[in-house]
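The values are calculated or read from the model by the stated rules, or taken from the named source; none is laboratory data. Quick caveat, the model's predicted, so the values are computed rather than measured. With ideal geometry, Cβ positions are generated from the backbone for all residues, glycine too; neighbour counts draw on all protein chains shown. Ligands, DNA and RNA are stripped out before the accessible areas are found, and what is left, the full protein with its side chains, is counted by its heavy atoms. Shrake-Rupley method; radii C 1.70, N 1.55, O 1.52, S 1.80 Å.
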Amino acid sequence: MTLALTSEHLELAAAVRGWSGRHCPPGVIRAAADSSDAGAAAYGSDLVPGLASQGLFGLHLPESDGGQGFGLPELAVVAEELGRALLPGAFVPTALACAVLAANAGPAAALVPKLADGSLIGAVALSCGLTGHRSLTGDDGALVVSGETGPVLAGAMAQVVIAPVDLAGTQSWVVLDTADLEVTKLEGVDLTRPLARLTADHVDVQADRVLRNLGQADVRSLAAIILGAEACGIADWAVRTAADYAKLRHQFGRPIGQFQAVKHRCARMLTLAEQAAAAVWDAARTPAGRERDLAASVAAVVAVDAAVDTASDCIQTLGGIGYTWEHDAHLYYRRALSVRALLGTSASWREQVARRAMAGELRRASVELPDGDAEFRAQVRAELAEIGKLTGAERTHALAAGGWVVPHLPGPWGRDAKPLEQLVIAAELRAAGIRPHNLAIGAWVVPALIQYGTPQQQERFLPETLRMDYLWCQLFSEPGAGSDLAGLTTRAERAAGGWRITGQKIWTSLAVQAAWGICIARTDPTAPKHAGISYFLVDMRSAGIEVRPLREITGDASFNQVFLDNVFVPDDCLVGEVNGGWRIARTTLANERVSLSGSWTFGSGVSELIETASAATDPPLGDVGRLVCDGRAIELLGLRVTLKQLSGTEPGATGSVRKLLNMRNAQQIAELCLAMSGESGALGSSRGGLRTGQEPDGAKWARQTLQTRAVTIGGGTTDIQLNIIAERILGLPRDPDPA
């Protein structure tokens with residue numbers, strides 16, 4: 001749940017965490033909270049020297065300005081770690097002031113070295129309350145400023161403040177010396193950082209203190225990134241604190257983390273923290289300009305709300321102890337509330353995201369690939385150029401034969417492509433206008449056969465599967481065994497030369513069209529739980545198989561019931577060992593969840609949302625912006641997984657988190673688009689006569705709303721995914737065994 005991806009960033013995060021552990025333990029935080037100046041005096045005497053000696057104030061600045069020569073991504077990593085430590089004082093305001101002055105690149109940048117070495121404390125006023133007019137002294141560009149700012153973080157500690165000034169309808173940013181201002185200390189909700197209101201009474205601002213190269217979006221974007229990074233640290237602290245407490249606190253004879261209500265709350269907290277890290281990381285890495293402004297707006301929505309929500313949920317998980325003054329949870333909650341208030345309402349940021357997305361500014365998330373092996377890229381391009389000349393079945397067969405369908409898998413079925421090679425192949429496929437065919441359920445079967453199948457089974461099934469010569473279906477779920485496959489009752493009994501399978505399967509996609517099915521059945525009814533289950537390949541044309549279409553709430557029948565009555569399966573269609581099928585089934589389920597966590601939106605994605613909102617008369621911009629932000633964060637989670645693999649670090653929380661978020665996002669988009677359709681949303685068909693693209697918009701979205709109810713059920717329900725996240729990622733205790 002950290003911003004850091006590369007080994008260098010992970011080392012930086014570890015170093016800052018170590019420093020804060022030594023210099024900012026809980027006692028320092030508590031002392032700041034209990035002091036009358038919110039720890040301002042102690043910050044200047046105790047913390048500033050250490051921060052300066054580590055070079056943290058100017059980490060993101062050029063060496064010529066007294067910095068370390070890094071950039072915003074590195075500063076974001078530092079801000080996250082110091083947010084996790086709840087560092088008191090003015091580090092974030094000073095680092096933000098450094099970034100703003102460096103971005104302006106004007107005469108006022110002469111102040112940057114002093115900010116970078118800690119000898120000068122800076123702050124930034126984010127709300128506009130000052131007005132100004134041109135000076136009559138003859139100094140071209142000088143201003144006279146009056147008025148009152150809103151609350152300024154560390155305003156009472158700073159020697160210089162960057163503030164917006166209204167000039168007859170236009171806005172300019174200026175650098176003010178607090179010695180020229182009236183400073184009124186304010187009592188803030190955050191007890192560890194002071195606030196102040198600054199009043200100017202006809203203060204002269206020289207031309208070299210007017211930031212001519214800076215716009216409001218520039219400052220707000222930098223603030224969203226740096227404060228958003230701090231919010232990520234708060235969210236991570238809240239998740240870890242809640243999970244650790246839930247493992248240890250016992251009630252009713254067991255740890256509270258074993259109760260699903262607590263387990264699911266902690267898992268949802270983790271998903272918020274994951275989205276926050278992805279959004280801030282993207283904003284920090286994006287170069288200055290309109291794309292960064294949009295990315296920073298997404299970060300302002302996702303990260304800051306995540307900090308508030310996870311800190312709130314942390315208190316709830318802690319229970320009574322979390323509500324006490326003595327526990328630090330309320331200090332983190334206060335910091336999150338303060339950051340959100342100072343940065344601006346989430347509603348305004350969401351509306352801004354919606355407007356810009358509807359104006360066509362949202363771009364596909366991508367990463368610049370390293371140069372890598374030019375020879376490899378040229379070879380890929382040359383091979384794909386030849387395939388691009390083919391059409392129809394010839395192209396399909398060529399893609400399969402060349403390993404282009406599943407390039408990450410070992411040869412000859414794939415290309416044994418490493419992560420970077422996979423990205424190069426994907427980029428070259430797009431450039432060539434070639435879209436590999438979708439194997440559907442076959443994409444879950446192929447990895448299982450490669451890992452567990454015999455050479456004979458691989459030769460028999462993989463080439464035809466990869467060529468799409470036939471389809472597969474999955475015979476796993478049963479009326480009494482959905483997510484709990486340990487409860488399956490379909491049995492396989494020994495017969496001459498093979499097995500006889502009897503039972504009932506349900507929710508089977510493509511059962512009518514499929515030539516083969518993967519089936520798990522119980523081969524040892526005396527074995528407990530997942531033991532005694534075997535994994536079979538079943539010819540769907542076999543005697544004894546009956547497929548009955550299962551009509552769904554849409555009126556369609558894409559799912560089926562499958563009845564197996566004494567169906568013979570030869571020994572050469574048993575995959576792996578007898579009674580060893582559960583391990584293979586888990587491989588299949590893992591690939592299913594990874595697949596469902598990708599870009600499958602079933603026609604209810606961000607692009608469809610933007611299209612529908614753009615056509616609406618009065619779209620609810622806040623709701624649109626929220627779903628665009630969620631969709632963007634989900635997309636970025638996938639990109640971060642790829643980059644982690646490229647850098648050799650563990651992907652961490654992946655399939656279950658992305659599936660959970662992606663499916664929920666698709667449902668909410670369908671529901672919002674239906675709401676924007678007005679009265680035409682009452683139209684529709686449950687008899688198969690109308691289909692998406694042919695019916696009125698309201699009928700289309702009514703259908704999508706009905707259809708997407710399935711996405712949080714298939715591939716493991718939302719509740720099961722939350723259990724997986726809580727148990728396997730956060731380490732919460734597993735559900736108790738039934739009596």
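Would you kindly find the accessible area of residue 321, with a 1.4 Å probe and non-protein molecules such as ligands, DNA and RNA excluded, rounding to the nearest 10 Å²? The accessible area of residue 321 comes to roughly 80 Å². Ranked by the mean number of other Cβ atoms within 10 Å of their residues, highest first, the peptides 354-362, 675-683, 619-627, 714-722 come out as 619-627, 714-722, 354-362, 675-683. The label-point distance for residue 527 and residue 348, in a model that sets each label 7 Å from Cα toward Cβ, rounds to 6.3 nm.
Given a Förster distance of 41 Å, report the FRET efficiency between residue 249 and residue 552 from their Cβ-Cβ distance, rounded to the nearest 0.05. It comes out at approximately 0.45. Using only Cα atoms, tell me the angle between helix 346-358 and the longest principal axis of the chain; keep it within 0 to 90° and round to the nearest 10. Result, in degrees: 60.
Of the chymotrypsin sites (Phe, Trp or Tyr not before Pro) found in the stretch 295-332, those that fall in a DSSP loop while having at most 14 other beta-carbon atoms within 10 Å are 325. For the chain, DSSP calls about 85 percent of its internal beta bridges antiparallel.
Taking square-rooted eigenvalues a ≥ b ≥ c of the alpha carbon gyration tensor, is the stretch 12-105 rounded, prolate or oblate, where a/c under 1.5 means rounded and, failing that, a/b exceeding b/c means prolate? Judged from the Cα gyration tensor, the stretch 12-105 comes out prolate (a/c at least 1.5, a/b above b/c).
Here is the list for the stretch 159-263: chymotrypsin sites (Phe, Trp or Tyr not before Pro) lying in DSSP coil, each with at most 10 other C-beta atoms within 10 angstrom of its C-beta, are 252. To the nearest ten degrees, helix 216-248 and the longest principal axis of the Cα atoms of the chain are 60 degrees apart. Here the label points at residue 427 and residue 186, each 7 Å from Cα along the C-beta direction, are separated by 4.7 nm in the simple model. By definition, a body whose alpha carbon gyration tensor gives a ≥ b ≥ c is prolate when a/c is 1.5 or more and a/b is larger than b/c, and the chain fits this prolate description. Annotation for the stretch 321-390 versus the stretch 1-51: alpha-carbon center distance of 26 Å.
Label-to-label distance, residue 720 versus residue 131, with points set 7 angstrom from Cα along the beta-carbon direction: 6.5 nm. Taking 418, 263, 247 and ordering them by how much accessible surface each has at a 1.4 Å probe, largest first, produces 418, 247, 263.
For a test of the definition: using alpha carbon positions, the gyration tensor, and the 1.5 limit on a/c, classify the stretch 271-398 as rounded, prolate or oblate. In terms of gyration-tensor shape, prolate. Under 26 Å of direct C-alpha separation, and excluding same-chain neighbours fewer than eight residues apart, residue 185 reaches these lysines: 114. Given a 1.4 Å probe and the protein chains as shown, residue 588 ends up with an accessible area of around 0 Å². Rolling a 1.4 angstrom probe over the protein heavy atoms with all chains in place gives the chain an accessible area of 42 Å² per residue.
Averaging the sequence gap over all C-alpha pairs within less than 8 Å and six or more residues apart, then dividing by the number of residues, gives the chain a relative contact order of 10 percent. Only protein heavy atoms count here; on that basis, with a 1.4 Å probe, residue 45 has an accessible area of about 80 Å². For the pair residue 34 and residue 117, what calculated FRET efficiency results from E = 1/(1 + (r/R0)^6), where r is the Cβ-Cβ distance and R0 = 30 Å, to the nearest 0.05? Here the calculated transfer efficiency is 0.50.
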